[in-house]
Amino acid sequence: MTGVQPPIATALSRGPAPSFQELAARYLEEYLAKIGFAVERLPAERLWWRPAPETNSVGNLLLHLCGNLSFWLLDGVGGEPYARDRAGEFAAAGGADAAELMHRLSSVVARCAALLRGLSPADLARPLRIQGYDTNALAAVFHAVEHMSYHTGQVLYLLKQSLPPETERVELYPQHRRE
């Protein structure tokens, strides 16, 4: 990795969002770009590497994000049936390569963003029961976006742990370097 890394288009850098739904879709797209940035730079042998017992690999986190977004948004909010194997997301110790996992996550995020952009304010108020919680679509969307944010940070941290010390530092916001 040499040279200045291009900035990631953030939800905020795209200007004011006209609705909560659009802002949520933009954040999912931003997190997907950050994860893609990390996975591109991750040494292939580190995709399924766990830094310690009972922790997750980048591969596990990508599977988990596909499952969580599909369960909470596509199924829970959108009504698209999804049979989830949450334990399997964390138990996997290999399998798909980085390109396949990113393809899956990109597809799920694109479908979630389209769903979000099609929701009305009345849709957001709709009561739901997801994973044993009595909630509404607004809270489910907020949960899914926040959840992806959390795991995006973990993926970036695992990338940083996986790079040799002489590697140029990982920098997502070079435009803010001097602030």
### Task
Answer yes or no: is there a residue in region 117-128 that is surrounded by 14 or more Cβ atoms within 10 Å (Cβ to Cβ) and in contact (Cβ under 8 Å) with a residue 60 or more places away in the chain.
yes
### Message
aliphatic (A, V, I, L, M), touching a residue at least 40 places away in the same chain (Cβ under 8 Å) and farther than 23 Å from F20 by Cα: is that true of L62 in this structure?
### Response
yes
### Message
Take L73 and tell me if it is touching a residue at least 60 places away in the same chain (Cβ under 8 Å) and either within 18 Å of S149 (Cβ to Cβ) or part of a loop (DSSP other than H, G, I, E, B) (or both).
### Response
yes
### Query
Scanning for something basic (K, R) and buried (at least 16 other Cβ atoms within 10 Å of the Cβ), does region 50-67 turn up at least one residue?
no
## Note on the structure
In region 15-55, anything basic (K, R), at pLDDT 95 or above and in contact with a helix residue (DSSP H, G or I) (Cβ under 7 Å, 6 or more places away or on another chain) is listed as R26, K34, R46
### Query
Which of (1) hydroxyl-bearing (S, T, Y); (2) over 17 Å from V145 (Cβ atoms); (3) crowded, with 16+ Cβ neighbours inside 10 Å does Y31 not meet, given it meets every other one?
(2)
### Summary
Counted residues in region 56-80 being acidic (D, E) and either more than 15 Å from L115 (Cα to Cα) or at pLDDT below 95 (or both) come to 0
### Message
Quick check on L138: is it touching a residue at least 40 places away in the same chain (Cβ under 8 Å) and touching a strand residue (DSSP E or B) at 6+ places or on another chain (Cβ under 9 Å)?
### Response
no
### Task
Select from region 68-93 the residues that are under 21 Å from N56 (Cα atoms), surrounded by 12 or more Cβ atoms within 10 Å (Cβ to Cβ) and of a type in the set (A, V, I, L, M) and list them in ascending order.
L69, A92
### Query
A96 versus (1) in contact with a Gly (Cβ under 8 Å, 6 or more places away or on another chain); (2) surrounded by 13 or more Cβ atoms within 10 Å (Cβ to Cβ); (3) within 24 Å of V141 (Cβ to Cβ): which is the lone unmet condition?
(3)
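The values are calculated or read from the model by the stated rules, or taken from the named source; none is laboratory data. Fair warning: this is a prediction, and the values are worked out from it, not measured in the lab. Ideal geometry is used to build each Cβ from the backbone, glycine not excepted, and the neighbour counts take in all protein chains shown.
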